[in-house]
Amino acid sequence: MLLVLFKRFLGKDRSHDADLKVQTPEQWVARIQQGDLRMRNQFITDYQPYVAKVVSRFCKRYIDPARDDEFNIGLSAFNEAISQFSSTAGSTFIGFSETVIRRRLIDYVRKEQKHSNQVPYSAFDTEDDEENVLNPIETQQALALYEKQRGMEERKSEIIDLNRCLAEFDIQFMDLVEASPRHSDSREVLLQIGKLLSENSAMMKILLNKRTLPIKELLNEVQVSRKTLERNRKFIIAVALIHNGPYPYLREYLHGSNPPVERRGDRYE
């Protein structure tokens, strides 16, 4: 590219430049596609600054044609565009060549970094009818961030409301940290017991009206000891309230590979 600029600075190749001015890129490409290799090379040389500009805009940084592989990728794509361009497709050669260059750069980045989400977001810029630049990835990320922030607020609201409900049972939300079983198998079984309780309207009526765990009724449904139910009263009540109440986010924390509660056979201690 520096050589081309130097030649132009010295006033060389002026006859070629004059010829180029009277013809559109589409006309030059049409002549090149007839097999004129010398004209192809000259055309590519003259458009090297344009290729460098497109590549730099894609990469969001200055591209050194002498050092950066991205420039060579862009130059090769420009040459490819010359061969593939069709004047009947309804686009200009410049617009078509930029599309080809950006596609090849995307392929290059994906191959080098092995993660499509590391492709520069600028590669996906589009324009609406009013020529406003839109980026679907950035828009999606903004929506995702909004949903995440809203979810955090919803979780916070649910915890505050649950803590209020638990207070009616003489339970604080922070008590659940200590009340949670240490062993995963025990915790999963108790999660299922709490869910079972929430799905039984008769037992939930006892829980909500009398503010007490219906231990007698639960013992008729599950094969665990009274001691187990009494010792884990706070945990079971909290799980039942979460399943029974307006707490969709908190219920997500209760989901998992929960084994079925034993109703017969060995008793869980």
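The values are calculated or read from the model by the stated rules, or taken from the named source; none is laboratory data. This one's a predicted model, so the numbers in the text were calculated from it and none came from an experiment. Using ideal geometry, Cβ is built from the backbone for each residue, glycine included, and neighbour counts are taken over all protein chains shown.
Side notes on the structure shown:
- Evaluation of Ser76 against (1) over 29 Å from Gln34 (Cα atoms); (2) more than 27 Å from the chain's Cα centre (by Cα); (3) part of a helix (DSSP H, G or I) (one fails), failing number: (1)
- Test set (1) surrounded by 13 or more Cβ atoms within 10 Å (Cβ to Cβ); (2) part of a loop (DSSP other than H, G, I, E, B) - Tyr62 fails condition number: (1)
- Any hit, region 226-237, residues being more than 26 Å from Arg164 (Cα to Cα) and modelled with pLDDT of 80 or more: yes
- When Arg38, Arg57 are checked against the criterion of being surrounded by 14 or more Cβ atoms within 10 Å (Cβ to Cβ), in a helix (DSSP H, G or I) and at pLDDT below 90, Arg57 stands alone in meeting it.
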